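One structure below.
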Amino acid sequence: MELTLTLEKMPAWLNDEGQATYILKADQDFIQLQRLLGQQITIEFVNEKYCANCGNRFEQLYRMGFCQNCFFTSPQAGESIIRPELSRAHEGIEDRDLEFEKSYQLQPHLVYLANSGDIKVGVTRMGQRPTRWIDQGASEAIVFAETENRYQAGQIEVAMKSHLGDKTPWQRMLKNEIPEINLLEEKQNLKSKLEGDLAQFYSSDDQLWKIDYPVLEYPTKVKSINLDKEPQIEAVLKGIRGQYLIFEGGRVLNVRANTGYRVKLSFA
């Protein structure tokens, strides 16, 4: 079977057993990736790239799957998307498009702690739980704070960054080198670091989210695949974690990082 698609972030959710379930959306259909585990598949980059925002074709994309113009002009790539503490919609101040920024920033957000190779702090919209944690390949996550808007969440994240990191150690995550961390204990210990008006947002939700991933075998070493240098991949799919496809031999493809790339996917 052969499907043609433009790569984008893989939709994912938790099934009843707590395992992440992934799909790839093609032009006329979609494929549930779990059914391809253990099979040899072919991914062929057809040398076409399309901006995830304007949809136009470009020789090169800039960042986030956007062309250069969209990256510097679209509100979907504004400063507050990457750095929530820079949100200003609550003050009525426009960055690129105030109407969009109000709809995105002025809604409940979470500050969370996650274990995806090390403990990290992050921010996401309330409705993105647990999708955000799946996208990062976290094995566990817990809500640290619940805020009214993105700015407040960003302020808490900045305060926590002086005590723990905010990056996912993707290589350790893909090798399943996950340290034993008591996230509830870490949450309780960090509570005292919330000062002033930020203390009111500390969450009483102590649910520990545990996430399993569809992986047949974790690699001992990982090597990232670059579709520009290696436009065709033929290998057995060993697993999916975060936004990565894991192939035999420890080779991995970050699907989200290749947003906008046009490919053909073939399998039996």
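State, as an integer percentage, the relative contact order of the range 53-181 based on alpha-carbon contacts under 8 Å between residues 6 or more apart. With pairs under 8 Å counted, the relative contact order is 25 percent.
Taking neighbour counts of Cβ atoms within 10 Å as a proxy for exposure, in what order, fewest first, do Val236, Val121, Val111 appear? Lowest to highest Cβ neighbour count: Val236, Val121, Val111. As a ratio to 2.2 N^0.38 Å, the alpha-carbon radius of gyration computed for the range 39-197 takes the value 1.19.
Computed from point charges on the beta carbon alone (+1 for Lys and Arg, -1 for Asp and Glu), the dipole magnitude for the chain about its Cα centre is near 600 Debye. Ranking Gln105, Asn115, Ile156 by Cα position along the charge dipole of the range 78-210, where only Lys, Arg, Asp and Glu carry charges on their C-beta atoms, puts Asn115 farthest toward the positive end. With neighbours defined as other Cβ atoms within 10 Å of a residue's Cβ, the residues Phe72, Phe144 order from fewest to most as Phe72, Phe144. Taking only DSSP H segments of four or more residues, each worth -39500 (n - 2.57), what value at 222 nm results for the chain once the sum is divided by all its residues, to the nearest 500 deg cm²/dmol? Theoretical 222 nm ellipticity from helices: -4500 deg cm²/dmol. With contacts taken as Cα pairs under 8 Å at a separation of at least 6 residues, the range 1-62 carries a relative contact order of 20 percent. The lysines whose alpha-carbon is closer than 19 Å to the alpha-carbon of Lys187, local same-chain residues fewer than 8 away aside, are Lys120, Lys161, Lys167, Lys210. Dipole size of the range 78-210 about its Cα centre, with +1 on Lys/Arg Cβ and -1 on Asp/Glu Cβ: approximately 360 debye, rounded to the nearest 20. Using +1 at the C-beta of Lys and Arg and -1 at the C-beta of Asp and Glu, which of Gln188, Met173, Ala141 has the Cα lying farthest in the positive direction of the dipole of the range 78-210? Projecting each Cα onto the dipole axis, the largest value belongs to Met173. Expressed as a whole percent, the proportion of Cα-Cα pairs in the chain lying more than 36 Å apart is 18%.
Ranking Phe201, Gln76, Leu36 by Cα position along the charge dipole of the chain, where only Lys, Arg, Asp and Glu carry charges on their C-beta atoms, puts Leu36 farthest toward the positive end. Listing Phe30, Phe201 from fewest to most neighbouring C-beta atoms within 10 Å gives Phe30, Phe201. Between Lys264 and Asn15, the contour length at 0.36 nm per residue exceeds the Cα-Cα span by 86.9 nm.
Laboratory data are not the source of any read-out in this text; all were calculated from the coordinates shown. This structure is a prediction, so every number in the text was calculated from the model and none was measured. Every residue, glycine among them, receives a Cβ derived from its backbone with ideal geometry; neighbour counts consider all protein chains shown.
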